[in-house]
Amino acid sequence: MKGVAVMFYKPPKWHYYEKSSDITQLSTELNMDPVIVQILINRGINTISGINKFLSSTPQYNNPLGMKGINQACCLLIDNIVSNKKIRICSDYDVDGVCSGYILLKGFYILWNKIGSGQPLLDIDIPHRIRDGYGLNTRMIEQANNDHVDTIITCDNGISSYAAIELAKKYGMTVIVTDHHEVPYIAKDNKKEYQLPPADVIIDPHQEGDLYPFKGLCGAGVAYKLIERLFFMRGINISEHTDFMELLGLATCCDVMDLVDENRFFVQQSLSLLRNSRIAGIRALLNILEKETISTYDLGFVIGPTLNSAGRLKSAKDTIDFLFEKDDAVALKKAETLTAINCERKEMSERGTAELIQAICSGKSEASLHDKILVCYAPNTHESVAGIIASRLKEYFSRPVLVFTDSGNGILKGSGRSISTYNMYDSLIMHKNLFEKIGGHAMAAGFSIKKENLDLIRITLNQETTLSHLDIEPHILIDQNIELEHITEQFIRDLVKLEPFGKGNRKPIFSTTNVSVSKFVLSGKNKNVLKFEASNGTQNISCISFSGSEIAEMIEQQKGKPLSADEFFSSSYNADIVYFPQFNNYKGNNVIQLLIEDIRIK
């Protein structure tokens with residue numbers, strides 16, 4: 001699995017999980033490598049039954065019947081299809097949104113062809129990121145009314161669209177909300193008063209009274225469950241439509257949901273199915289990207305951003321068209337267009353990130369390194385990449401980040417990304433009066449605010465936060481210190497059994513001390529890919545780092561002088577390394593390689 005090591009604004013501290021006293025007994029009873037057992041214990045899986053369940057090939061899967069409102073929604077939709085009423089899907093513009101929209105739209109087409117009559121009266125509308133902002137809005141409702149839409153069904157949005165849904169009901173429309181975001185609330189007397197929109201049916205695992213056992217679904221997960229239930233009620237086998245699962249796993253990964261419970265199964269299935277995708281556009285995109293194998297990194301950082309790019313810089317409807325394209329030649333041209341748009345998006349994101357990092361570190365930004373929550377104003381940044389920049393700043397500074405950009409008329413739009421110890425949505429919703437619009441969940445949020453309130457929200461959030469300095473200290477959490485001899489082909493195959501890695505099931509990180517590093521080769525477009533060899537005298541293993549320039553700078557600091565290229569590449573150094581061990585497929589052969597996360601030159 002490829003990946004990019006996280007960069008920090010100052011050297012991270014190395015923290016280790018405490019070694020469990022149960023390792024010996026569990027590893028003996030399970031006949032399993034003690035290091036693998038320790039990893040599972042570190043993830044909270046600390047019983048024989050729990051470990052066997054985690055490693056089992058039997059899928060973890062929950063029946064959609066536990067979802068509040070799902071049967072009512074199914075009955076309404078079946079009645080509308082049989083009655084030949086016009087249905088409009090309103091999705092979001094990100095990867096989760098377009099995948100949700102695809103699942104619903106194609107699912108309804110399949111259902112209509114089985115139980116409906118005449119030409120299916122189905123279509124999809126997606127808000128424009130710049131003109132509309134996030135979620136269902138009154139402009140979309142007015143358009144739906146003009147188009148004589150009878151029923152609106154949202155996906156990956158709607159739970160906070162009170163005004164828009166109120167208008168839809170005024171026009172006599174049926175409204176079904178499917179969403180996975182937190183339900184808005186007002187805090188009164190230390191209690192939450194939830195504010196559900198006036199929809200006919202709401203399907204959201206976070207609403208009160210919902211009995212669905214797993215609350216970590218993405219928007220596409222909720223949409224999939226609805227289609228699954230509809231298909232079951234009309235005798236259609238959803239497993240025959242594997243493109244749904246392809247996109248469900250992609251959306252789960254891209255929306256940074258915890259890869260536990262059935263989410264883990266979704267992503268496993270998606271990774272397997274995408275290799276021979278039933279979607280012409282995905283096949284074309286993988287061909288352009290020259291992807292022979294696919295990992296969660298590829299889902300979240302390669303495929304997902306490419307699909308997301310149209311919604312950021314143009315229209316997400318282009319992505320929907322791309323996913324529905326059946327002609328291979330046309331799909332290839334559309335994939336090339338999306339890839340070009342994504343390259344433009346990457347340049348904008350990198351430039352915006354670099355500018356904010358420089359401004360914050362130099363003291364030229366309102367956001368300060370003394371702040372535990374960074375509230376950044378980036379007037380020159382395209383608002384469509386604010387979320388990406390916030391995510392990168394969060395990783396770099398190890399603290400929650402809100403990035404605001406100008407949207408005109410004195411209104412700033414923004415996106416926020418958080419850390420595990422800070423529930424961003426709960427913190428922001430406490431000050432709902434300061435925002436024009438807000439939505440999201442614990443780890444991410446989208447919002448708009450009057451420019452005059454920007455300083456106030458920055459001061460308020462930082463004054464009331466309970467985050468400690470330890471919470472925002474750059475650190476790397478290491479599973480265990482091991483010797484190089486432990487890293488064998490069998491050991492890496494055992495690690496592969498723990499995949500897919502991601503949020504909620506982080507990839508295992510190890511350290512090895514007192515190794516010799518040498519045979520440096522610097523490559524890459526920006527000369528930041530460093531390949532070298534680590535040795536303890538008896539074992540030699542290839543290493544790769546995507547922070548090569550920083551390692552070179554560290555070595556120069558340790559030597560106390562600038563080094564010529566010859567000096568750098570021909571020298572060897574004693575070091576401690578932190579890494580993720582993996583296979584690098586080279587000319588059809590699996591070669592052991594360490595992906596370096598951090599290094600300390602001695």
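The values are calculated or read from the model by the stated rules, or taken from the named source; none is laboratory data. Just so it is clear, the model here is predicted, and its values are computed rather than measured. When we count neighbours, we look across all protein chains shown, and the Cβ atoms used for this are built from the backbone with ideal geometry, even at glycine. These area figures cover heavy atoms from the full protein model, side chains too; ligands, DNA and RNA do not enter into them. Shrake-Rupley method; radii C 1.70, N 1.55, O 1.52, S 1.80 Å.
Computed over protein heavy atoms with a 1.4 angstrom probe, the accessible surface ordering of W14, W112, largest first, is W14, W112. What percent antiparallel are the DSSP beta bridges of segment 368-517, to the nearest 5? The answer is about 75 percent antiparallel. In segment 119-258, the convex hull through the Cα atoms has an average projected area of 10.8 nm², a quarter of its surface area.
With all projection directions averaged, the alpha carbon convex hull of the chain covers 29.0 nm². When the Cα positions of A280, L374, T512 are compared along the charge dipole of the chain, A280 comes out farthest toward the positive end, with charges on each C-beta of Lys, Arg, Asp and Glu. Angle between the Cα long axis of helix 219-233 and the longest principal axis of the chain, 0 to 90 degrees, nearest 10? Taking the Cα atoms of the chain, the angle to 219-233 is about 50 degrees. Using equal-weight Cα scatterers in the Debye expression, the normalised intensity of segment 340-486 in log10 at q = 0.12, 0.18 Å⁻¹ is -0.49, -1.02.
Across all Cα pairs in segment 100-161, the calculated P(r) in 5 Å bins from zero up to the longest distance comes to 4, 15, 24, 25, 18, 9, 4, 1 percent per bin. Looking at segment 531-594 only, what percent of DSSP beta bridges run antiparallel? Nearest 5 please. Close to 85 percent. Rounded to the nearest 5, what is the percent of antiparallel bridges among the DSSP beta bridges in the chain? Beta bridges within the chain, antiparallel portion: roughly 65 percent.
Dipole magnitude for segment 48-178: computed about the Cα centre from +1 point charges on Lys and Arg Cβ and -1 point charges on Asp and Glu Cβ, it is near 260 debye. Remark: segment 1-83 carries a charge dipole of roughly 380 debye about the Cα centre, counting +1 on each Lys and Arg Cβ and -1 on each Asp and Glu Cβ. Seen through its C-alpha gyration tensor, with square-root eigenvalues sorted a ≥ b ≥ c, segment 411-496 comes out prolate because a/c lies at 1.5 or above while a/b is bigger than b/c. How large is log10 I(q)/I(0) at q = 0.10, 0.15, 0.16 Å⁻¹ when the Debye formula is applied to the Cα atoms of segment 449-595, each weighted equally and without solvent? The Cα Debye sum returns log10 ratios of -0.51, -0.89, -0.96. Relative to the longest principal axis of the Cα atoms of the chain, the long axis of helix 261-274 lies at roughly 80 degrees. With semi-axes defined as the square roots of five times the eigenvalues of the C-alpha gyration tensor, the equivalent ellipsoid of segment 373-424 measures 20, 10, 8 Å, largest first. Sorted into 5 angstrom bins from 0, the C-alpha pair distances of segment 333-375 split as 5, 21, 18, 14, 12, 10, 9, 7, 4, 1 percent. Amide H contacts under 5 Å for M173: none, restricted to partners 5 or more places along the chain or on a different chain, H placed in the peptide plane at 1.01 Å from N. The 3J(HN,Hα) values that the Karplus relation (6.51, -1.76, 1.60; θ = phi - 60°) gives for segment 184-200 are, in residue order, x, 8, 10, 8, 9, 6, 6, 10, 9, 9, 6, 10, 7, x, x, 7, 5 Hz. Gly and Pro appear as x. Amide H contacts for S547 (H built 1.01 Å from N in the peptide plane; partners 5 or more residues away or on another chain; cut-off under 5 Å): L530. Accessible surface of segment 119-269, 1.4 Å probe: 47 percent of it comes from carbon and sulfur atoms. Can you bin segment 1-107 into rounded, prolate or oblate? Criterion: square roots of the alpha carbon gyration tensor eigenvalues sorted a ≥ b ≥ c, rounded for a/c under 1.5, prolate for a/b above b/c, oblate for the rest. Oblate shape, in that a/c is at least 1.5 and b/c is the bigger or equal ratio.
Each Lys and Arg adds +1 at its Cβ and each Asp and Glu adds -1 at its Cβ; summed about the Cα centre, the chain shows a dipole of about 500 debye. Since only N528, I203, S239 are under comparison, the one whose Cα sits farthest along the positive direction of the charge dipole of the chain, derived from C-beta charges on Lys, Arg, Asp and Glu, is N528. Computed over protein heavy atoms with a 1.4 Å probe, the accessible surface of the chain works out to 44 Å² per residue.
In the chain, the longest principal axis of the Cα atoms and the axis of helix 548-559 are about 30 degrees apart.
Size of segment 210-271: Rg and Dmax of its alpha carbons, in Å, are 11.5, 33. F447 contributes about 10 Å² of solvent-accessible surface, heavy atoms of the protein only, 1.4 Å probe.
Pairs of lysine residues in segment 292-376 that meet both criteria, 8 or more places apart or on different chains and Cα atoms under 26 Å apart, total 13.
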